[in-house]
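Read through the structure below, which is laid out as structure tokens, and then see the notes.
The values are calculated or read from the model by the stated rules, or taken from the named source; none is laboratory data. Here the structure is a predicted model, which is why all the values come from computation and not from measurement. All Cβ positions, even for glycine, are placed from backbone atoms using ideal geometry, and neighbour counts span all protein chains on display. Protein only, heavy atoms only, side chains kept; ligands, DNA and RNA dropped before computing areas. Shrake-Rupley method; radii C 1.70, N 1.55, O 1.52, S 1.80 Å.
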Amino acid sequence: MKYALFTGCVAKGAGRELLTATMKALAKLGIEAEEMKDAACCGAGVVQEDSHTMAAVLNARTYALAEERGQDIMNICTTCQGVHRQTQRELDDNPAFKALVNKELDATCGRRYEGKVKIRHFYEVLLQEFGIEKLKEKVVRPLTGVKVAPFYGCYAVRPPAEVSDCSDPDDPDELETLIRALGAEPVSYDERLKCCGFPVLMMNKDNSMKMSANAVAGAQKAGADAMVTPCPLCHLNMDAYQPEFGAVMDEEPHLPVLHFPQLVALALGVPGKELGLDKHIVRMEGTIASM
């Protein structure tokens, strides 16, 4: 199957290493994906605060574009995934609202959303469609001995009835399953399901940094060698601001944070120097650094 790849904004801007790693991982896996260069930003939950209908039209257009291609959508950002899933479920569950949105779509761009497209995050594609056993077969450089702390991000698990595809949003194991398949050891810690604080960064930077600092510190205390997240906004908050954590807490945690596709690509044999690991503020050390 060929997917319509929705990159999201961060992977084309501040986190370009995410897109690089994704394309290299997909090539190793033999998964075809065509970038949706004609799609718009998902709105990140912000546009709907001004106009709920406008946000729905914006995302329904993206679904319609994918339907025209006959491709399901693959996201690489859990914020985009959450917004897409939430909007799609509202449209599918509310025929009157769907009709209103399609009327606007037709008037503005001559398109309509039929309700045929599936929307999956990259890690969900690996679990639900590619298959965990097939993934294990593709691993050529197991991440043996590396302890990885998964950080899900809000939109991967909540609100559970609207956006989460996890088997148990209150205690998911999807990322842990994938980490094990790559040969690494998942680390359990209390903060793995908490918010990174990114949504309040512009309004209250100290509180935002405290939330990220607590997550990084929790993972480090649990013995992690690195963190991994499927959300580039979480990555930005936990990596880019990590040097400032000492200003908002007594300790100064120091732990590398990886994009999920980077972890996958490493286990598939892609050299670390090709994955933009040097673009991170906190650089890798130990086993992964030598890959």
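Observations on the model:
- Ordered by 1.4 Å accessible area with all protein chains kept, MET291, MET202 run largest first as MET202, MET291.
- Of the GluC sites (Glu not before Pro) found in the stretch 199-291, those in coil by DSSP whose Cβ has at most 12 other Cβ atoms within 10 Å are GLU251.
- Theoretical ellipticity at 222 nm over the chain - DSSP helices of four or more residues, -39500 (n - 2.57) apiece, nearest 500: -12000 deg cm²/dmol
- Within the straight-line cut-off of under 22 Å between alpha carbons, the lysines reachable from LYS210 are LYS194, LYS221, sequence neighbours fewer than 8 places apart in one chain being disregarded.
- GNM result for the chain, Cα springs below 10 Å: residue of ARG69, ARG120, ARG158 fluctuating most strongly: ARG69
- Near-label residues of the stretch 68-92 by backbone N, under 18 Å of a point 7 Å along Cα→Cβ of HIS52: 83-92
- Nearest-20 debye value, the stretch 50-119 charge dipole, Cβ charges on Lys, Arg, Asp, Glu: 120 debye
- The GNM of the chain, with springs linking C-alpha atoms under 10 angstrom apart, assigns the highest mean-square fluctuation among ASN237, ASN94, ASN102 to ASN94.
- Solvent-accessible surface of protein heavy atoms, probed at 1.4 angstrom with all chains present, puts ARG111, ARG283, ARG192 in the order ARG283, ARG111, ARG192, largest first.
- The alpha-carbon positions of the stretch 182-291 define a convex hull whose volume is 95 Å³ per residue.
- Cα centre as origin, Lys/Arg/Asp/Glu Cβ charges: the stretch 200-258 dipole, Debye: 180 debye
- Considering only CYS109, CYS166, CYS195, the Gaussian network model of the chain with Cα springs below 10 Å gives its largest mean-square fluctuation to CYS109.
- Its Kirkwood hydrodynamic radius, worked out from the mean inverse distance over all distinct Cα pairs, puts the stretch 1-146 at 16.2 Å.
- Kirkwood hydrodynamic radius of the chain, Cα pairs, Å: 19.4 Å
- Among MET203, MET54, the order of accessible area from largest down is MET203, MET54, computed with a 1.4 Å probe on protein heavy atoms.
- Our summary gives the chain a relative contact order of 20 percent, counting only alpha carbon pairs under 8 angstrom and 6 or more residues apart.
- Top positive-direction residue, dipole computed over the stretch 113-231 with Cβ charges, set VAL139, TYR155, SER167: VAL139
- Relative pair counts by distance (%), Cα atoms of the stretch 130-204, 5 Å bins: 3, 15, 20, 19, 17, 14, 7, 3, 1, 0
- Rounded to the nearest 20 debye, the dipole magnitude of the chain is 760 debye, with +1 charges on Lys and Arg beta carbons, -1 on Asp and Glu beta carbons, and the Cα centre as origin.
- For the stretch 16-149, lysine pairs separated by 8 or more sequence positions, or belonging to different chains, with Cα-Cα distances below 21 Å total 14.
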